[in-house]
Amino acid sequence: MLSDFTLGDAIGQGATATVYRATHTRSGTRVALKAMDATQGPNLRVVQAEIRAMARVEHANLLGVLDHGL
């Protein structure tokens, strides 16, 4: 999954993840890619709940979920 993207600069970082500028290599779509740190991050259920919640949100000031992989 991650191999489908070309990573750019890190644009944000928190306690459990880093967000990168990225480009989907086949489509050229520019995205923000959130990479969780498995050694510091929350458990799998918490990550899955965050993905589901973000996928439901539609707001002009928030990015939507294009895809996810674990």
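Averaged per residue, what accessible area in Å² does the chain show with a 1.4 Å probe, protein chains only?
Working: 5570 Å² over 70 residues.
Per-residue accessible area for the chain comes out at 80 Å².
Of all the accessible heavy-atom surface of the chain, with the other protein chains kept in place and a 1.4 Å probe, what percent is carbon and sulfur? Mind dumping the intermediate values first?
Numbers: 2870 of 5570 Å².
Carbon and sulfur atoms account for 52 percent of the accessible area of the chain.
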- Net charge dipole size for the chain [Lys, Arg +1 and Asp, Glu -1 on Cβ; Debye, nearest 20]: 100
- Task: With label points built 7 Å along Cα→Cβ from the Cα atoms of A15 and L44, find their separation and express it in nm.
- Result: 2.3
- Note on the structure: So, relative contact order of the chain in percent, Cα under 8 Å, 6 or more apart, is 21
- Task: Match the structure shown to one of the listed values (i) 28, 14, 7; (ii) 17, 14, 11; (iii) 19, 16, 12 of semi-axes √(5λ) of the Cα gyration tensor in Å, computed from it, and give that label.
- Result: (iii)
- Item | Inter-label distance for D37 and H24, nm, one decimal - labels placed 7 Å from Cα along Cα-to-Cβ | 2.9
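The values are calculated or read from the model by the stated rules, or taken from the named source; none is laboratory data. As the structure is a prediction and not an experimental result, all values here were calculated from the model. Neighbour counts are summed over all protein chains in view; Cβ atoms, including those assigned to glycine, are modelled from backbone coordinates with ideal geometry. We work out accessible area using only protein heavy atoms, side chains counted, and drop any ligands, DNA or RNA first. Shrake-Rupley method; radii C 1.70, N 1.55, O 1.52, S 1.80 Å.
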